[in-house]
Amino acid sequence: MRWTPRAILAVCLLSAAAAPAQTPPAPVPAPTPAPADTADAQALALIKEQSAGGDILGGLRQRLISLLVQRWDATPKQATEAVDKIVMPDFKARLPRLEARLERVWTLRFTADELRQIRASLVDGSPGGQERFAQSDLGRKYLAEKDEIDRESDVEWREWGPPIAQEAFARHVAEIKAMGIDLSKAE
């Protein structure tokens, strides 16, 4: 089976702006974990807190399962097994690279202390806590940068995910078919 850019993008549920398939780059070593008080560590903590249940890949996993069920008529059990056992390990192995890219989006704009304050404000459950933050200098800076941060983060996801999905599905097509999911159907 030949994977077309359309099929790859459908699998990833990512935008049509993703680059066409290319020879995968040499593996990038995982970045060394940053101490908890650095801007990188604060940015990563903020990114994880804003993700579903602290799991950066959780939403992607659910979209891939849904796609296999809807597009390739897999049962939810088949789709979950295929995604968890075959596809997600490829994403998890390369997650440090995405985390580093997303950290940079934040650390170009905010210091470690500012990121700590932002994190605290987003979980502040006190009456008027978030409103007070929004009216502070840092709150106004955060709100002014938020749309651009979201846009750049989306770009990082789109550049990171499609090549991984293409490799994973192409490399494991026989295993996925053995699970009862024929990826050559419905293209």
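Every read-out reported here was derived from the displayed coordinates using simple, explicitly stated rules and does not represent laboratory data. In this text, all values refer to a predicted model and were calculated from it rather than measured experimentally. Don't worry about glycine lacking a Cβ; one is built from the backbone with ideal geometry, like all the others, and counts go over all protein chains shown.
D by Stokes-Einstein for region 39-178, Kirkwood Rh over Cα pairs, 4 °C, 1.567 mPa s: 77 µm²/s. Rounded to whole numbers, the Karplus 3J(HN,Hα) couplings from phi for region 162-178 are x, x, 5, 4, 4, 4, 4, 5, 5, 6, 10, 4, 5, 5, 5, 5, 5 Hz, using 6.51 cos²θ - 1.76 cosθ + 1.60 with θ = phi - 60°, and x at Gly and Pro.
Exactly which trypsin sites (Lys or Arg not before Pro) in region 111-187 are in a DSSP loop and have at most 10 other Cβ atoms within 10 Å?
Here the sparse-neighbourhood loop sites are K185.
When region 39-178 is described by a simple charge dipole with +1 on each Lys and Arg Cβ and -1 on each Asp and Glu Cβ, the residue from Q117, T107, P96 located farthest towards its positive end is P96. A simple spin-label model places pseudo-atoms 7 Å from Cα toward Cβ; at K185 and A120 they are separated by 5.6 nm. Placing pseudo-labels 7 Å out from each Cα toward the beta carbon at K48 and E148 gives an inter-label distance of 2.8 nm.
Only lysine pairs 8 or more places apart, or on different chains, with alpha-carbon atoms under 23 angstrom apart are counted in region 39-178, and they number 9. So how much slack lies between D113 and S66, counting 0.36 nm per residue of separation and subtracting their Cα-Cα distance, in nm? Taking D113 through S66 to full extension adds about 13.0 nm, to one decimal.
In this simple spin-label approximation, Q130 and R104 carry label points 7 Å from Cα along the Cα→Cβ vector, and these lie 3.1 nm apart.
What's the magnitude of the charge dipole for region 39-178 around its Cα centre, counting Lys and Arg as +1 and Asp and Glu as -1 at the beta-carbon? Answer in Debye, nearest 20.
Details: 22 positive and 24 negative charges, 72 e Å.
For this selection, approximately 340 debye.
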